[in-house]
1. List every residue pair whose Cβ atoms lie under 6 Å apart, where the two residues are 6 or more positions apart in sequence or sit on different chains, the first residue falls within the range 11-38 and is surrounded by 14 or more Cβ atoms within 10 Å (Cβ to Cβ), and the second residue, located anywhere, is hydroxyl-bearing (Ser, Thr, Tyr) and at pLDDT 80 or above.
2. Could you grab the pairs with beta carbons closer than 6 Å, sequence gap of 6+ or different chains, first residue in the range 262-280 and touching a residue at least 40 places away in the same chain (Cβ under 8 Å), second one among the hydroxyl-bearing types (Ser, Thr, Tyr) and outside any helix (DSSP H, G or I)?
3. Consider the range 14-29. How many of its residues are at pLDDT below 80, part of a loop (DSSP other than H, G, I, E, B) and not aliphatic (A, V, I, L, M)?
4. Among the residues of the range 233-242, which ones are surrounded by 13 or more Cβ atoms within 10 Å (Cβ to Cβ) and of a type outside the set (A, V, I, L, M, F, W, C)?
5. Restricting attention to the range 299-314, does a residue exist that is in contact with a helix residue (DSSP H, G or I) (Cβ under 7 Å, 6 or more places away or on another chain) and modelled with pLDDT under 80?
6. Condition first: at pLDDT below 80, over 30 Å from Leu117 (Cβ atoms) and among the hydrophobic types (A, V, I, L, M, F, W, C). Now tell me which residues in the range 38-79 satisfy that.
7. If you go through the range 253-284, how many residues are charged (D, E, K, R) and surrounded by 13 or more Cβ atoms within 10 Å (Cβ to Cβ)?
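The values are calculated or read from the model by the stated rules, or taken from the named source; none is laboratory data. Keep in mind the model is a prediction, meaning the values are calculated, not measured. Backbone-built Cβ (ideal geometry, glycine too); neighbour counts: all protein chains shown.
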Amino acid sequence: MGGRCWNCQQSGKYDASQSSTSTASKKCNCPFKLRATPSIDGSGWKVQVQCGVHNHGLPDQYARHPRKARLTADENKHVEELTKRRVAPRNIVISLKEKNPESVVEANQVYRKRNKLQKEERGPRTETQHLLQWLDDANFVTWNRRRDDGSDVLSDIFWAHPDSIKLLNLFPIVLTMDYTYKTNKYRLPLLEIVGTTSTNLTFAVGFAYMESEKTDNYRWALEKLKGLFTKQDILPRVIVTNRELALMNAIEFVFPNAVNLLCTWHVYKNVSTRCSVLVPKDMRDLVKKLWNNVVFSSNEVEYELSLNEFEQPCVNSSKFLD
């Protein structure tokens, strides 16, 4: 006669080969097991405790238990609606708890739901194919190129929105360029190009995913940027970077008449880092304040005075000045 068995949710061992991503598991081969069989006369069930012990502690909070923490049907629907509107997961959590103060939903649940929705939307396409299709559907101007080894692997992608191109041609004088690795799971460099209006407001010009941060990759991206200008005799006069040498070399080649300046924010971060190592603790705030006075001097006379004031407390920290 048939029966049923119940194991602890942490029974068995996690099989990492079944997952394509790096994940953690709570499975710890817990031996707890119950078995239930129906009585012969059909009056009930006979329950046997085959192993009544666990090899792990109880959860700190039942609210974090997977079954308790599952999104309800209404929460799933709300997450789906807000995800389509590009609402950030942390704001989705806030919205859910405003609707239901007793909700125990956390950001990681929203992330999992969002990832599931994105996979459903992507369908059989790869992530790169989905990105290119999305950019095309949204009328972005895009370029891409493949590796030189004859494969179909993309090495670089550049894209810009039509409205950004219009703004670029209205305000072409000053551009800021920066790159980061923290925006994608593949750790590919993302080059971000930002323009500045006559009223000192900023706007996104374009973006490029690149296979590496070599001069050749930067040159390719900057050539595509140059192609966005409707008048090739009106190009950027000032380009601000964070002293990425490969990028600076590419700028010199593509925009030879532009003045390449260093970003003051990145310079200040470097000053702060060196200051924390080479300057006595009781003088660090003063040194950083005097450095800002140097950077924001309004004329040469003020600059010379500020520089002299900056150097005085650093006399005993010659390595810092070097």
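1. Between residues of the range 11-38 that are surrounded by 14 or more Cβ atoms within 10 Å (Cβ to Cβ) and residues that are hydroxyl-bearing (Ser, Thr, Tyr) and at pLDDT 80 or above, the close pairs are Cys30/Ser11.
2. Once the first residue is touching a residue at least 40 places away in the same chain (Cβ under 8 Å) and sits in the range 262-280, its partners that are among the hydroxyl-bearing types (Ser, Thr, Tyr) and outside any helix (DSSP H, G or I) give Leu278/Ser317; Val279/Ser317.
3. Here is the first cut: in the range 14-29, the ones at pLDDT below 80 are 14-26.
Those still in the list that are part of a loop (DSSP other than H, G, I, E, B) too: 14-15, 19-26.
Narrowing further to those that are not aliphatic (A, V, I, L, M): 14-15, 19-23, 25-26.
Number of matching residues: 9.
4. Pro236, Arg237, Thr241, Asn242
5. Within the range 299-314 (the criterion being in contact with a helix residue (DSSP H, G or I) (Cβ under 7 Å, 6 or more places away or on another chain) and modelled with pLDDT under 80), the answer is yes, since at least one residue qualifies.
6. Matches in the range 38-79: Leu58 only.
7. Going residue by residue through the range 253-284, those that are charged (D, E, K, R) are 269, 274, 281-282, 284.
Filter once more, keeping what is surrounded by 13 or more Cβ atoms within 10 Å (Cβ to Cβ): 274, 284.
Selection size over the range 253-284: 2.
A quick yes/no check of all residues on (1) over 20 Å from the mean Cα position of the chain (by Cα); (2) surrounded by fewer than 18 Cβ atoms within 10 Å (Cβ to Cβ); (3) within 17 Å of Arg237 (Cα to Cα):
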{"residue": "Asn139", "(1), (2), (3)": "yes, yes, no"}
{"residue": "Arg146", "(1), (2), (3)": "yes, yes, no"}
{"residue": "Asp163", "(1), (2), (3)": "yes, yes, no"}
{"residue": "Leu168", "(1), (2), (3)": "yes, no, yes"}
{"residue": "Leu191", "(1), (2), (3)": "no, no, no"}
{"residue": "Phe207", "(1), (2), (3)": "no, no, no"}
{"residue": "Ser212", "(1), (2), (3)": "no, yes, no"}
{"residue": "Trp220", "(1), (2), (3)": "yes, no, no"}
{"residue": "Lys224", "(1), (2), (3)": "yes, no, no"}
